[in-house]
Every structure is written in structure tokens, then in C-alpha cells.
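The values are calculated or read from the model by the stated rules, or taken from the named source; none is laboratory data. All values reported here derive from a predicted model rather than from experimental measurement. All Cβ positions, even for glycine, are placed from backbone atoms using ideal geometry, and neighbour counts span all protein chains on display.
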Amino acid sequence: MLTISFKPSFLRKMNGLDGTLREEAVEKIELLKDVQNHKLLKVHKLHGPLLGAYSFSVNYKTRIVFHYISKDEVALLTIGDHAIYD
């Protein structure tokens, strides 16, 4: 099981989401804790300015960007639509 930490910028954006989307994001974050769910979440490495970070899908539109702090811990960096990749 992965340990999840949250950057302040992630928490600010998360708190700004509507209730339904926030609940959906919390469910997906819980799934992220189990590495076996990563394929279901479509976890993938990012390139370009976000090289070294990873992303996964909350829904068709919303993504969460994170990076590994260690083998067993990740930090969630930001949440949003595809514009977060810019």
C-alpha cells in the first residue's frame, strides 16, 4: 500500500472542486494506494515540463498529477483538466 501526501497547491485546487467531483477524486485516490489498481486508473509517466511526474484519471476530463517520494510514498501535486499539463 502506498502512503499518500498532499502538496498545499493540490489541497487548494481540491477544495475548489464541486462536491461530486471531489468525492470522485477521493475514491480514485483511495484506489491509487493499491498498486494493483494503477492500470485501472491509467497511471502513466509524463514528459516535457512534467518529466518525472505521473498522472492518473479521475474521470474522462479530470487528472491528478503526482510524483514518487519513495517506493512506498507519493505526493499529489495538482488536479484539473488537461490544461494542468501546460
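Quick look at the numbers
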{"read-out": "Region 6-26: number of residues that are within 20 Å of residue 73 (Cβ to Cβ) and part of a helix (DSSP H, G or I)", "value": "7"}
{"read-out": "Failed item, numbered, when residue 83 is tested on (1) of a type in the set (A, V, I, L, M); (2) farther than 18 Å from residue 2 by Cα; (3) touching a Phe, Trp or Tyr at 6+ places or on another chain (Cβ under 9 Å)", "value": "(3)"}
{"read-out": "Of all residues in region 47-86 being over 12 Å from the mean Cα position of the chain (by Cα) and surrounded by 11 or more Cβ atoms within 10 Å (Cβ to Cβ), the one that is modelled with the lowest pLDDT", "value": "85"}
